[in-house]
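J.: Let me give you the structure first, and then I'll get to my questions.
The values are calculated or read from the model by the stated rules, or taken from the named source; none is laboratory data. Computed from a predicted structure; not experimentally measured. Neighbour counts run over all protein chains shown; Cβ positions are idealised from the backbone, glycine included.
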């Protein structure tokens, strides 16, 4: 440990360095010179106080900065350890998503682009499994400078996420209530879905019935189901709610609404096989937009939040550390299918 102290002492001669900066740069120098290696334990706060006479707050701030950069990790009741020997790295971010589907990929690419090369991102997926989310949060806590998490609607979610430092936490995609003043960039489902259905009501009424496919056990937002039920009641729409689309069951004169892309592709395949034209013989509405939906069958009508905008705002929070609490607007994109 004496060699580490020596590296820190050497920073005293560097002009204009504060005690906090002296400590940070001394440890970075020790890592660069291989005095410290990945996995090595750093001096305890009490040992640094005894050696240098620094205030406890100064040492805590220095270690916190190193943790944010992903160079040091904190292990509860054990201490601080070197986790990364890349001292040029400015920040290490844990990004926890549902899965790597098309719109999550859109988010990631825009997020990665806006953060720049100095920020390292590790991506984790919970696949809407609360046990996976819990184990993921437990494994990454104390190892990153920022935690960007898409939550799961579940009664255990709040207690899991509340273990993260709120000043380093950003909730994305969905909004879930948790204790503490935290930042979020999310989308809203109930009011926005009802508004979209209402905008489309005149077109929907040209058809005999509207069918919505809702999978209770999947990650489909329950708020969309609530909005659909309210809409069909208020607008006197003949309707049916089914658990999943069965290939070959498409019928002329009906509107089909699904969130699941696999179901959408099967519907369009059936349109081709049965020679039914979307927007004329059947109506089709899809949730979440992507390029392919703009191109196929003269365009599929969709509604969605802009995940690129969400990603850009999330990246700005990570870089600037300025609190944000924002719901990204949902936009209806009308095309030929409805």
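J.: Looking at the range 208-241 only, could you name the residues that are part of a loop (DSSP other than H, G, I, E, B) and either in contact with a helix residue (DSSP H, G or I) (Cβ under 7 Å, 6 or more places away or on another chain) or farther than 15 Å from residue 259 by Cα (or both)?
T.: 208, 214, 235, 236, 237, 238
J.: Looking at 230, 217 in this structure, which one is modelled with pLDDT of 95 or more, farther than 29 Å from residue 272 by Cα and surrounded by fewer than 21 Cβ atoms within 10 Å (Cβ to Cβ)?
T.: The conditions single out 230.
J.: If you don't mind, there's one more thing I want to ask. Please specify each residue of the range 49-64 satisfying the condition of being part of a loop (DSSP other than H, G, I, E, B) and surrounded by 13 or more Cβ atoms within 10 Å (Cβ to Cβ). Break it down into steps so the answer makes sense when it comes.
T.: First pass over the range 49-64, keeping only residues part of a loop (DSSP other than H, G, I, E, B): 53-55.
54 - this is the single residue of the range 49-64 that is part of a loop (DSSP other than H, G, I, E, B) and surrounded by 13 or more Cβ atoms within 10 Å (Cβ to Cβ).
J.: Which condition number does residue 319 fail, the rest of (1) more than 30 Å from residue 167 (Cα to Cα); (2) outside any strand (DSSP E or B) being met?
T.: Condition (1) is where residue 319 drops out.
J.: Here's something else I'd like to know. For the range 65-72, check the following and say yes or no: at least one residue is over 27 Å from the mean Cα position of the chain (by Cα) and outside any loop (DSSP other than H, G, I, E, B).
T.: No.
J.: Something else about it: When the residues of the range 21-48 are filtered to those that are over 15 Å from residue 72 (Cα atoms) and at pLDDT below 85, which remaining residue is surrounded by the fewest Cβ atoms within 10 Å (Cβ to Cβ)?
T.: 33
J.: Which one of 294, 326 is under 32 Å from the mean Cα position of the chain (by Cα), exposed (fewer than 15 other Cβ atoms within 10 Å of the Cβ) and assigned to a strand (DSSP E or B)?
T.: Values: 294 fails: assigned to a strand (DSSP E or B).
None of the other options fit; the residue is 326.
J.: For the range 183-203, check the following and say yes or no: at least one residue is in contact (Cβ under 8 Å) with a residue 12 or more places away in the chain, loosely packed, with under 15 Cβ neighbours inside 10 Å and in contact with a strand residue (DSSP E or B) (Cβ under 8 Å, 6 or more places away or on another chain).
T.: Looking through the range 183-203, at least one residue is in contact (Cβ under 8 Å) with a residue 12 or more places away in the chain, loosely packed, with under 15 Cβ neighbours inside 10 Å and in contact with a strand residue (DSSP E or B) (Cβ under 8 Å, 6 or more places away or on another chain).
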